[in-house]
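Notes follow the structure.
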Amino acid sequence: SLDGFFFRLQDHPQIRIIETFQVYAPFRDYMRAHAADVVILDLGVPESEDNANNFPLFVAINELIERQPDLSIMIVSAHHERALIDLTLEAGVNAYILKNDVAAMQDLANIVMAVAKDEIVIPQETMDILRKHPRDLPELTPRQLEALSVIMAYPDRPLKELAALLSVKHSTFRNLLSQAYIRLGVGSRIQAQQKVLALGILPDQDAYPPPHGHS
């Protein structure tokens, strides 16, 4: 997909591609030290070379916005789940583009230019999904979504380590998860992971092959 982005954006006189990353971890580190006008997040990107699970989406969005409040964020995704689209827009992204939306991908440069001006762009195919499918989701807070996103990205790591990733106390992280479990109606981490995927709240890492090379 990177080649497709380059093809559509590289020759635009007002767009400059600064960096691209095929795994999330080096992108996260780069953005902690640099600024940008627009960031395009592909939901098919693994967390790191050593972790093929999808990166912690809501942690990524919230950290980017906290560090750069004026940053504009675009999502490009193969995922059509109403819940996922809804929640990313609620989290503060400017645009959600489906990879198979031919018209939107052909218009990618103009969408980037609009997003750079802090416009909200919801292409027709994305809007059709939002209007067609009813929303029946548990009321999860942004921090609960962050907690769920890290247990999906790091399914085997202990809670104490995951709490450190969110810069919260171990007890606070346990509380976030327990409240999320209650709202999901589940009683364990495994059940929560299954429910999150069933509801379409976060991308399913099984939808993508494991990373190869630079991935």
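The values are calculated or read from the model by the stated rules, or taken from the named source; none is laboratory data. Because the structure is predicted, anything quoted here is derived from the model rather than measured. Glycine also receives a Cβ, built like all others from the backbone with ideal geometry; neighbour counts cover every protein chain displayed. Heavy atoms of the whole protein, side chains included, go into the accessibility calculation; ligands, DNA and RNA do not. Shrake-Rupley method; radii C 1.70, N 1.55, O 1.52, S 1.80 Å.
The alpha carbon centroids of the stretch 1-76 and the stretch 91-151 are separated by 15 Å.
Rank-order 105-114, 38-47 by packing density, defined as the average count of other C-beta atoms within 10 Å over each peptide's residues, highest first.
Values: 105-114: 17.4, 38-47: 21.0.
Peptide ranking by packing, descending: 38-47, 105-114.
Set against the labelled values (1) 11.6; (2) 18.7; (3) 14.6, mean projected area of the Cα convex hull in nm² computed from this structure falls on (1). Annotation: peptides 19-26, 149-156, ranked by per-residue average of other Cβ atoms within 10 Å with the highest first, follow the order 149-156, 19-26. Between 0 and 90 degrees, the angle of helix 57-67 with respect to the longest Cα principal axis of the chain falls at about 70 degrees.
At 1.4 Å probe size, with the rest of the protein present, what percent of the exposed accessible area of the chain is carbon and sulfur atoms?
Working: 5540 of 11180 Å².
The C+S portion of the solvent-accessible surface of the chain is 50 percent.
Treating the angle as unsigned and between 0 and 90°, give the value, to the nearest 10°, between the Cα long axis of helix 82-91 and the longest Cα principal axis of the chain. Once rounded, one gets 80 degrees. For residue 75, the shell of other residues with beta-carbons less than 13 Å away shows a net charge of -4, using +1 for Lys and Arg and -1 for Asp and Glu. Note: relative contact order over the chain, using C-alpha pairs below 8 Å and six or more positions apart, is 23 percent.
Could you calculate the FRET efficiency of residue 165 with residue 186 from 1/(1 + (r/R0)^6), where r is the beta carbon distance between them and R0 is 22 Å, rounded to 0.05?
Numbers: r = 21 Å, r/R0 = 0.97.
The calculated FRET efficiency here is 0.55.
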